[in-house]
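The values are calculated or read from the model by the stated rules, or taken from the named source; none is laboratory data. These numbers were taken from a predicted model, which means no experiment stands behind them. Cβ sites come from the backbone with ideal geometry, for glycine too, and all protein chains shown count toward neighbours. The protein model used for the area step is the full one, side chains on, heavy atoms only, and it has no ligands, DNA or RNA in it. Shrake-Rupley method; radii C 1.70, N 1.55, O 1.52, S 1.80 Å.
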Amino acid sequence: MGKDITQVIIETTVRRALKDLRRFPKRTMRNLVDLALNFAKGRFQQEFFQVAQTLLADEDSAYYHLVRDVIANVDEDTLVTCGINLGYNSFTRGGKDHPAD
């Protein structure tokens, strides 16, 4: 089955983010988290990205080192697939807030 236009746009965006992460890792990470927070709909999504913002406020955060290592050592297509699955599919299609039973 072919990709729809939304999937093509998301994949293009993820590939651009990876390119930016290679050049400006700290700024790009903060920008991506800020962008995700703007689109977060559910309470848990908002809380997740608020915590991420707090962690990335520390210039010495271990997450900066982690992302640099991942970008340097993991195949780009693998990162794109992971980024789409985590960032798009899980948060927009699969991730839902459910009321407590």
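For the pair Ser61 and Val8, the difference between a 0.36 nm per residue extended length and the Cα-Cα distance amounts to 15.9 nm. When the trypsin sites (Lys or Arg not before Pro) in region 2-75 are filtered for DSSP coil states and for at most 15 other beta-carbon atoms within 10 Å of their beta-carbon, the remaining sites are Lys3, Lys41. Largest accessible area first, the residues Phe24, Phe48, Phe39 order themselves as Phe39, Phe48, Phe24 under a 1.4 Å probe with ligands, DNA and RNA left out.
Looking at the square roots a ≥ b ≥ c of the eigenvalues of the Cα gyration tensor of region 28-80, which shape do they give, rounded for a/c under 1.5, prolate if a/b is larger than b/c, or oblate?
The shape class here is oblate.
With θ taken as phi - 60° and the Karplus curve 6.51 cos²θ - 1.76 cosθ + 1.60 applied, the whole-hertz 3J(HN,Hα) list for region 10-21 is 4, 4, 4, 5, 5, 4, 5, 4, 5, 4, 5, 4 Hz, x standing for glycine and proline.
Solvent exposure of Leu32, expressed as accessible area, is near 70 Å², computed with a probe of 1.4 Å over the protein chains only. The distance linking region 54-73 with region 29-47 is 17 Å (Cα centroid to Cα centroid, whole angstrom). Net charge of the neighbourhood of Arg30, taken over other residues with C-beta under 13 Å away and scored Lys/Arg +1, Asp/Glu -1, is -2.
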